[in-house]
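Asker: Here's a structure for you.
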Amino acid sequence: MVAAGEKEGEDLEQGLMQLGREPRESRSRMLFFAACAEADGPTRWRLVDESLAAFPDDVDSLITAYQLTADEPARRAEIVRRVAAAAAAIEQEIRNLPTDSTSRNEYAWLIANTEGDLAKATRYSRQSLEESFDNASYLDTLAHCHAAAGNLERAIRTQWLAVKKEPHSLLIRRNLARFRSLAETRP
């Protein structure tokens, strides 16, 4: 939709706003999903960079960039700086909307999959579940927080709850399998 609107000269921005979508965020998400589908490393990087250029705080693009920089210390340092800036922006959202569980979950997801204050991320994740106790995605986030803290048993139990809430989610089931595999290979 984003690409078609740009090519045809339609007023895409107005259409997205009517749907309650911020155009920059929508473009960023489009590019992020394109990056996920891309096998070629340089092309994937280009798409992630474009996603972050469209919306610098896109949490999933920041996580992907963080993962892609595992062997590049200089580039990793820049991504870590951007993660910290995005986390600070999310914390401002939390202060502005104290009952919004989405921002708390987003902060926890970002930190659990990159680096930062993991204790705060876990606390925010638990708080998001207090407000939306049956949300499988929020349980998935809490499981990631536990895994990042090295508590794989707790991650597995929490992820199992997420699977029970959303048994048809392939991603949630894959995460459970990944946590189990990590636990089996742990010395």
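Asker: Tell me, which helices (runs of 4 or more DSSP H) wholly within the stretch 89-160 include 1 or more residues that are under 23 Å from Arg180 (Cα atoms) and of a type in the set (D, E, K, R)?
Answerer: Working: elements: 101-112, 118-131, 136-148.
Where helices (runs of 4 or more DSSP H) fall fully within the stretch 89-160 and carry at least 1 residues being under 23 Å from Arg180 (Cα atoms) and of a type in the set (D, E, K, R), they are 118-131, 136-148.
Asker: Hey, among Ser103, Ser61, Ser137, which residue is among the hydroxyl-bearing types (Ser, Thr, Tyr), open to solvent by 30 Å² or more (accessible area, probe 1.4 Å) and under 13 Å from the mean Cα position of the chain (by Cα)?
Answerer: After ruling out the rest, the residue left standing is Ser137.
Asker: Right, here's the next one. Taking Thr114 as the residue in question, decide whether it is farther than 25 Å from Glu131 by Cα, at pLDDT 95 or above and under 20 Å from the mean Cα position of the chain (by Cα).
Answerer: Working: farther than 25 Å from Glu131 by Cα: no; at pLDDT 95 or above: yes; under 20 Å from the mean Cα position of the chain (by Cα): yes.
Criteria not met by Thr114.
Asker: Looking only at the stretch 146-156, how many residues end up being exposed (fewer than 14 other Cβ atoms within 10 Å of the Cβ) and more than 20 Å from the chain's Cα centre (by Cα)?
Answerer: Qualifying residue count, the stretch 146-156: 1.
Asker: Mind listing just one residue for me: the one in the stretch 161-182 that is assigned to a helix (DSSP H, G or I) and not hydrophobic (A, V, I, L, M, F, W, C) and, of those, nearest to the chain's Cα centre (by Cα)?
Answerer: Looking at residues that are assigned to a helix (DSSP H, G or I) and not hydrophobic (A, V, I, L, M, F, W, C), I get Asn175.
Asker: Only residues in the stretch 43-54 that are under 11 Å from Arg29 (Cα atoms) count as the first member; pair them with residues that are basic (Lys, Arg) and buried (at least 21 other Cβ atoms within 10 Å of the Cβ), Cβ under 7 angstrom, at least 6 apart or cross-chain, and list the lot.
Answerer: Taking only residues 6 or more apart or on different chains, the pairs are Ala54/Arg27.
Asker: Quick check on Pro42: is it assigned to a loop (DSSP other than H, G, I, E, B) and modelled with pLDDT under 95?
Answerer: no
The values are calculated or read from the model by the stated rules, or taken from the named source; none is laboratory data. Quantities reported herein were computed from a predicted structural model and do not represent experimental measurements. Note that each Cβ is placed from the backbone with ideal geometry, even for glycine, and that neighbours are counted across all protein chains shown. For accessibility, only protein heavy atoms count, side chains too; no ligands or nucleic acids. Shrake-Rupley method; radii C 1.70, N 1.55, O 1.52, S 1.80 Å.
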